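All remarks here apply to the structure that follows.
Each reported figure results from applying straightforward, stated rules to the coordinates on display, with no laboratory input. Note that this is a predicted model, so its numbers are computed, not measured. With ideal geometry, Cβ positions are generated from the backbone for all residues, glycine too; neighbour counts draw on all protein chains shown.
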Amino acid sequence: MPQQQIQKFKRFYQGPFGFVVDVALFAIITYSFHVLWWDFARVIKSFTVINATADWLAEQVFHSSLWINRSILGLHVTTEYPNVMWFSNGGYVQVWESCSGLKQFYQILVLFVLFPGPWKHKLWFIPLAIFIMHLVNIMRIVILSVVVLWKPEHWDFIHEWILRPGFYVVIFLQWVWWVEKFRIKSKKTASA
């Protein structure tokens, strides 16, 4: 009996409604990770290596966004330890360990390790997805810098309701890329 149910599920999954299973699996992995991360955040952050990595990543994001602010945007920025950028209007942006992107890196790692697909592609796709997320995080800090200068009254709204959910949009787009380029092909090969 269980063998028949497994075969029935495989036919459904490889058929035209397989995307429903893929979307459900994406949602379950993403939501479960988010809940588990915040339920165990104190335990996770109790490890020295996690804190040191988050601090190091925050510093990298700070220096990269500072360079873009100064060299590309031509903004007058002064700095202060730890990771604070002061702008000409008295506003500032501070890059904390919570701004490091570490949670999103782990979220991508867990998502693509658990989500079906060929390992030969996961081995390069996961580091690429993490690197893309790092670039998105740098751009997030640059955008917040511009907002602090020209629309400081909207900083909280943009930070909380546009840029923070933006991480999930990027993760979703990377997942779509994975499903379209690699997951679909592996399902077709498995059914052949």
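Structure data summary
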{"quantity": "Test: residue in segment 39-53 that is touching a residue at least 40 places away in the same chain (Cβ under 8 Å), out of contact with any strand residue (DSSP E or B) (no Cβ under 6 Å at 6 or more places or on another chain) and among the basic types (Lys, Arg)", "calculated": "no"}
{"quantity": "Residues satisfying the stated conditions in segment 38-73, i.e. over 22 Å from Leu135 (Cα atoms) and of a type in the set (Phe, Trp, Tyr)", "calculated": "Trp38, Phe40, Phe47"}
{"quantity": "Of the criteria (1) free of Cβ contacts under 8 Å to residues at least 60 places away in the same chain; (2) surrounded by 18 or more Cβ atoms within 10 Å (Cβ to Cβ); (3) of a type outside the set (Lys, Arg); (4) touching a helix residue (DSSP H, G or I) at 6+ places or on another chain (Cβ under 8 Å), which one Leu66 fails", "calculated": "(4)"}
{"quantity": "Identity of the residue in segment 69-88, touching a Phe, Trp or Tyr at 6+ places or on another chain (Cβ under 9 Å) and without any contact (Cβ under 8 Å) to a residue 60 or more places away in the chain, that ends up surrounded by the most Cβ atoms within 10 Å (Cβ to Cβ)", "calculated": "Asn83"}
{"quantity": "Among the candidates Ile108, Ile50, residue that is on the phi < 0 side of the Ramachandran plot, surrounded by 18 or more Cβ atoms within 10 Å (Cβ to Cβ) and either part of a helix (DSSP H, G or I) or in contact with a helix residue (DSSP H, G or I) (Cβ under 6 Å, 6 or more places away or on another chain) (or both)", "calculated": "Ile108"}
{"quantity": "Extreme residue, surrounded by the fewest Cβ atoms within 10 Å (Cβ to Cβ), among residues of segment 89-105 that are out of contact with any Asp or Glu (no Cβ under 8 Å at 6 or more places or on another chain) and within 21 Å of Val35 (Cα to Cα)", "calculated": "Ser98"}
